[in-house]
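See below for the structure under consideration.
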Amino acid sequence: MLYLFEAYHLSSWFSSQKKDNTESPPLPLLAIEKEIEQQASCYDSTTGLANRRQFFVDLQAVNSPYRDDSIPFSIGIIDIDGFKRINEIYGHDVGDFILDKIGHRLYLALRHKALVYRIGNDEFGFILPGDKENTILNQEIASILDAISHPISARNNQIVISCSAGCARSYFGTANSTQQIFEHADYALYYAKEQGGQGQIVVFDVNHELKLKELALIERALEKADFDKEFFIQFQPIIDSRNGGIITFESLARWDSPGLGRIAPDKFIQVAEQTGAIIRLTPILFKKALNEAKKWPHSIKLSFNLSAHDISHEKQINLLLDILKQSNIDPERIEFELTETAVMHNFAAAFDNVKKLQAVGASIALDDFGTGYSSLSHLQNFPLNKIKIDRSFVTNLEYNNRNYKIIKSIIILCREIGLDCVAEGVEDKEKVDLLAHLGVYLIQGYYYSSPLSAESAQVYIRNRPRV
Ligand code: C2E
Ligand code: CA
Ligand code: CA
């Protein structure tokens, strides 16, 4: 509760810049009760910090972009990495304890300098008075990181926590509206999680703004798009390097938008995920992919990418299973690819849904392995059949260098827990040979083929050795 006073203290720092300081008369009793009630509605009971509602009230109050005397400030959104998982492993009371600890540490790190809030389940926010040049924010970032990184003792465990943060300035180029500032910080946080994995802090800048504008354009085009007409699939083979035979074709979605031209899948999938359009898009893509797979020899599998939204929703999985059934394709020919981020989005739901897919005979591959939260414990607990080593490990692969050693360890791990292993992004013969030396024979990449149109995939099948 100590920090409530401090928070109010700082709050008055902001308000003193705007209002006159004449003391108000004492309140009658009923009004005091009301005041207490109102204060309670401003605070989060777990951490004692001001809550999300208060965050927006204060943000609105300090941001007066259209006034000459407004004070520049920054905001930050801090999100605990993998908090759902912490709750699942240690239980909700330990989860609450950790939230309280992190809140307290943030409060101490930013005390007298910024207002700290709990603005979501595992999200904290701060408002930091500063300067237009951003120097104060840069100084404080270091103390925020430091505050969070010390292990927390709970029930005889030393729990190491990391957080990601997205920050934004009130004066970014020009003055911004409250909603814009929050959107900037939110995007910076999203970017921190997406690009950096754990423990990253990103401050919204010009490049992010360009990306955000591009995403807004894509969002509008996606709203109007005719999914059936504008989307199609390309197929990239996964080859067994020992005999050159095709093991699988991975389905890769393509979108030719009438207004924007060809849009890269990582961009439209991201927007479709954020807007929920993915729920409608994935079944259409799956149908298209299955229609082609029907034409291939039965020995060739189809690998299909699922997003976080897909694997977290039972209804969506049931729909995909219905589509699969109607296609009359043997489910054992189908593999679903999931990234670690998709799995971590809602671990429990993803777990159940993966079991459902495996129950009919489909298999599951962990995509882009090595780029996310990868750890032995996740692999052991999650029902996987295969992992796909991310392109980034293959790109700079040389005999006995760091990537070589990493891949070597991944292979040992896969053998121990009985998983197949595919290397992605293999562009030359030298890498195929190095990977074979390491014991990786399932190869995907430009060396064998870039993604092919449905027609070219059929020609490719005719020209490859049958195994
Ligand atoms: P991904 O699943 O990791 O797909 C592999 C990406 O690597 C593809 O990019 C492919 O064209 C590219 N690639 C393959 N071989 C090489 C190589 O040797 N060198 C290089 N530099 N790149 C190579 P693409 O087609 O742009 O797809 C990007 C991402 O979009 C995919 O990454 C996947 O995460 C997502 N995606 C594509 N289609 C779908 C879909 O239907 N559903 C979902 N949820 N995601 C999809
Ligand atoms: Ca994939
Ligand atoms: Ca991949």
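The values are calculated or read from the model by the stated rules, or taken from the named source; none is laboratory data. Keep in mind that what you see is a predicted model, and the values were worked out from it rather than measured. Backbone-built Cβ (ideal geometry, glycine too); neighbour counts: all protein chains shown.
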One residue from I443, I410 being more than 16 Å from ligand 2 (Cβ to nearest atom) and assigned by TED's automatic domain parsing to the domain that holds S299:
I410
Please determine, by comparing only the residues of the stretch 115-163 that are in a strand (DSSP E or B) and free of Cβ contacts under 8 Å to residues at least 40 places away in the same chain, which one is surrounded by the fewest Cβ atoms within 10 Å (Cβ to Cβ).
Q158
Looking at (1) under 25 Å from F235 (Cβ atoms); (2) in contact (Cβ under 8 Å) with a residue 12 or more places away in the chain, which is the one condition that is false for Y399?
(1)
Would you confirm, using the coordinates I've provided, whether A350 is within 28 Å of G244 (Cβ to Cβ) and buried (at least 20 other Cβ atoms within 10 Å of the Cβ)?
no
Long-range neighbours under 9 Å by Cβ, at least six apart or interchain, first residue without any contact (Cβ under 8 Å) to a residue 60 or more places away in the chain within the stretch 45-61, second in a helix (DSSP H, G or I) and charged (D, E, K, R)
G48/D100
Taking the options I102, I148, I80, I119, name whichever one is in the same structural domain as L189 (by TED's automatic domain parsing) and over 18 Å from Q198 (Cα atoms).
I119
What pairs come up if the first residue lies in the stretch 243-258 and is within 15 Å of A454 (Cβ to Cβ), the second is modelled with pLDDT under 95 and part of a strand (DSSP E or B), and their beta carbons are under 9 Å apart, counting only those six or more places apart or on different chains?
none
Tabulated pairs, the stretch 453-467, first at pLDDT 95 or above, second of a type in the set (D, E), C-beta under 8 angstrom, 6+ apart or interchain:
A454/E292; A457/E292
Quick count over the stretch 422-452, residues being touching a Lys or Arg at 6+ places or on another chain (Cβ under 7 Å) and without any contact (Cβ under 8 Å) to a residue 60 or more places away in the chain, is 4
Quick one: which residue in A277, A264 is more than 16 Å from ligand 2 (Cβ to nearest atom) and closer than 26 Å to Y190 by Cα?
A277
Going by the structure shown, is D390 at pLDDT 90 or above, under 20 Å from Q236 (Cα atoms) and away from ligand 3 (no atom under 16 Å from the Cβ)?
no
With the condition being at pLDDT 95 or above, I'd like the helices (runs of 4 or more DSSP H) fully within the stretch 264-346 carrying at least 2 qualifying residues.
265-275, 278-293, 308-312, 314-327
Is it fair to say Y441 is touching a strand residue (DSSP E or B) at 6+ places or on another chain (Cβ under 7 Å), hydroxyl-bearing (S, T, Y) and at negative phi?
yes
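Residues checked against (1) over 30 Å from D79 (Cα atoms); (2) crowded, with 22+ Cβ neighbours inside 10 Å:
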site: G245; (1), (2): yes, no
site: Q274; (1), (2): no, no
site: L281; (1), (2): no, yes
site: E292; (1), (2): yes, no
site: F304; (1), (2): yes, yes
site: N318; (1), (2): yes, no
site: E332; (1), (2): yes, no
site: A342; (1), (2): no, yes
site: A359; (1), (2): yes, no
Taking the residues in the stretch 415-427 that are at pLDDT 95 or above and in contact with a Gly (Cβ under 9 Å, 6 or more places away or on another chain) as candidates, determine which candidate is farthest from ligand 2 (Cβ to nearest atom).
E427
Count - residues of the stretch 172-216 that are outside any helix (DSSP H, G or I), touching a strand residue (DSSP E or B) at 6+ places or on another chain (Cβ under 9 Å) and surrounded by 18 or more Cβ atoms within 10 Å (Cβ to Cβ)
6
Residues within the stretch 76-99 that are crowded, with 17+ Cβ neighbours inside 10 Å and either without any contact (Cβ under 8 Å) to a residue 60 or more places away in the chain or more than 16 Å from A154 (Cα to Cα) (or both), tallied
12
If we keep just the residues of the stretch 230-282 that are among the β-branched types (V, I, T) and within 24 Å of D420 (Cα to Cα), which is nearest to ligand 3 (Cβ to nearest atom)?
I238
Subset of the stretch 221-240, residues farther than 30 Å from S299 by Cβ and either under 20 Å from the mean Cα position of the chain (by Cα) or surrounded by 13 or more Cβ atoms within 10 Å (Cβ to Cβ) (or both), comes to A221, L222, A225, F227, E230
